[in-house]
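The block underneath contains the structure these notes are about, expressed in structure tokens.
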Amino acid sequence: MGGQQLLNLGLNGLLEELSGTSAQQFGQQIGTPYSTFQLNNVTLSHGGVSLWLIGCLAITNQPDTSPFFKPSNTTFGYNSPERFQTLTAQSARLRQLHLLVEHRRQLVADKVRLTNRLCAALKQYYPQSLEWFEKLDTVLFCEFIKQWPTLRKAQSARSTTLVRFFNENHMYRQSVQQRRLDGIRKAMPLTLEEALIEPFSLKAQLIAEQLRLVLAAIQQYGQKISELASEHPDYELFVSLPGAGASLAPRLLVAFGEERERFQSAGELQMYTGIAPVTERSGQKCWVHWRTQCPRFLRQTIVEWAGHSIRYSFWAEAFYRQQRNKGSNHQAAVRALAFKWLRILYRCWQTRTQYDESKYLKALQQRGSPLVAAAA
């Protein structure tokens with residue numbers, strides 16, 4: 001029997017096909033009160049037949065017993081459903097916020113990708129424009145490339161036209177305007193070959209238009225996220241964190257959620273978000289590796305915020321430098337800092353207390369932490 005035929009049978013038909021037993025008879029034989037099964041990620045063994053499936057949900061036919069999930073490392077003979085925690089859905093507002101911040105982060109990744117493509121295209125025929133503008137991911141630069149996609153067109157424009165363009169795009173500093181005007185007048189073309197200039201200039205204009213639309217979408221998402229997040233009662237807990245700001249505070253709010261009973265300790269939160277590494281042992285061997293099974297967007301949120309906090313938190317910078325001095329690379333040091341931050345945030349989240357840098361530094365000093373001495 002093929003795999004597609006097995007899928008089309010359904011669970012009752014599958015059990016009957018493999019073992020000649022219906023789902024209800026199977027439940028009675030293994031001594032469980034459950035008559036309806038949705039099985040995942042377990043090994044089903046009956047009548048000499050073993051079958052691997054993915055997850056397991058047993059639905060009881062008793063009104064006083066709640067459905068629960070059975071992990072693959074337990075047996076069918078379970079009689080303590082109270083050990084399994086029932087997950088409660090977050091509020092509609094938080095679920096909406098979760099999707100908005102995730103979509104916005106995807107747009108930011110698109111912005112980086114388009115900026116790199118635009119930079120690569122301009123280097124082929126128009127590298128001077130990269131020197132005139134410090135930032136490429138701006139509406140000003142996109143509009144400049146759309147209006148003057150080649151050096152020859154930029155040099156043929158009048159100075160008054162260029163100044164008016166800068167002012168209309170809210171770039172008023174006269175020193176910067178003059179520096180750019182001088183650069184345009186003195187620039188020497190990289191190539192005069194039209195066979196090269198024409199295709200790349202068209203490509204640059206198209207990418208600039210795409211980048212402009214992405215920048216506008218990011219701003220639109222940011223406004224909607226700000227409106228939703230500011231209404232949440234826990235928002236103040238996260239917006240006051242060092243380096244969080246308007247972009248990362250809503251993402252941290254989504255990462256922690258509303259159900260404070262879900263995590264019984266900071267360690268559970270560290271493992272769920274993927275910040276805690278996995279330690280494996282076999283005999284006398286022991287190795288630590290990256291945790292792959294976790295919500296990657298939440299892990300990305302925690303790590304990105306930990307990296308931003310280095311510039312705004314006294315002890316975080318000291319801890320980061322300490323890890324680098326021990327030989328850790330940048331990413332490993334930031335992940336170690338994120339691991340430490342989660343313990344602090346978990347406590348603040350549970351007690352609904354805003355983080356206080358001075359209070360934490362006093363606690364470090366009382367414990368004689370080397371971070372205080374290193375920071376000093």
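The values are calculated or read from the model by the stated rules, or taken from the named source; none is laboratory data. This one's a predicted model, so the numbers in the text were calculated from it and none came from an experiment. FYI the Cβ positions are ideal-geometry reconstructions off the backbone, even for glycines, and counts take in every protein chain you see.
Scanning segment 273-298 for residues that are over 30 Å from Ala373 (Cα atoms) and touching a residue at least 24 places away in the same chain (Cβ under 8 Å) yields Thr273, Gly274, Phe297, Leu298. If the condition is being in contact (Cβ under 8 Å) with a residue 12 or more places away in the chain and closer than 30 Å to Leu122 by Cβ, then segment 217-237 contributes Ala217, Ile218, Tyr221, Gly222. Every listed requirement among (1) over 15 Å from Leu151 (Cβ atoms); (2) assigned to a loop (DSSP other than H, G, I, E, B) is met by Leu192 save one, (1).
Inspect all residues belonging to segment 288-305 and state whether any of them is more than 28 Å from Arg105 (Cα to Cα) and either more than 17 Å from the chain's Cα centre (by Cα) or aliphatic (A, V, I, L, M) (or both).
To start, the set of residues in segment 288-305 that are more than 28 Å from Arg105 (Cα to Cα) comprises 288.
When the remaining residues are screened for being either more than 17 Å from the chain's Cα centre (by Cα) or aliphatic (A, V, I, L, M) (or both), the result is 288.
Checked against the condition, which is being more than 28 Å from Arg105 (Cα to Cα) and either more than 17 Å from the chain's Cα centre (by Cα) or aliphatic (A, V, I, L, M) (or both), segment 288-305 yields at least one hit.
Need at least 1 residues that are more than 19 Å from Phe256 (Cα to Cα) and not hydrophobic (A, V, I, L, M, F, W, C) per element, so show me which helices (runs of 4 or more DSSP H) inside segment 284-361 make the cut, counting only ones lying wholly within it. Spell out the reasoning first.
Values: elements: 296-309, 314-325, 330-351.
Hits in segment 284-361: 314-325, 330-351.
Looking at segment 249-264, is at least one residue among the polar types (S, T, N, Q), at pLDDT 90 or above and farther than 30 Å from Thr160 by Cβ? No, that holds for no residue. Taking the conditions exactly as written (outside any loop (DSSP other than H, G, I, E, B), within 24 Å of the chain's Cα centre (by Cα) and within 16 Å of Leu215 (Cα to Cα)), does Arg105 satisfy them or not? The answer is yes for Arg105. Tell me yes or no: at least one residue of segment 191-202 is touching a helix residue (DSSP H, G or I) at 6+ places or on another chain (Cβ under 6 Å) and crowded, with 18+ Cβ neighbours inside 10 Å. Within segment 191-202, one or more residues are touching a helix residue (DSSP H, G or I) at 6+ places or on another chain (Cβ under 6 Å) and crowded, with 18+ Cβ neighbours inside 10 Å. Within segment 212-221, none of the residues are out of contact with any helix residue (DSSP H, G or I) (no Cβ under 9 Å at 6 or more places or on another chain), surrounded by fewer than 20 Cβ atoms within 10 Å (Cβ to Cβ) and not in a helix (DSSP H, G or I).
For Ile275, the conditions (1) part of a helix (DSSP H, G or I); (2) under 24 Å from Val101 (Cα atoms); (3) among the aliphatic types (A, V, I, L, M) are fulfilled apart from (1). Within segment 306-333, restricting attention to residues that are over 23 Å from the mean Cα position of the chain (by Cα) and of a type in the set (Lys, Arg), the residue that is surrounded by the most Cβ atoms within 10 Å (Cβ to Cβ) is Arg321.
Only one residue in Arg152, Arg95 is in a helix (DSSP H, G or I) and closer than 26 Å to Ser226 by Cα. Which one? Lay out the reasoning, then the answer.
Working: Arg152 fails: closer than 26 Å to Ser226 by Cα.
Of Arg152, Arg95, the one residue that is in a helix (DSSP H, G or I) and closer than 26 Å to Ser226 by Cα is Arg95.
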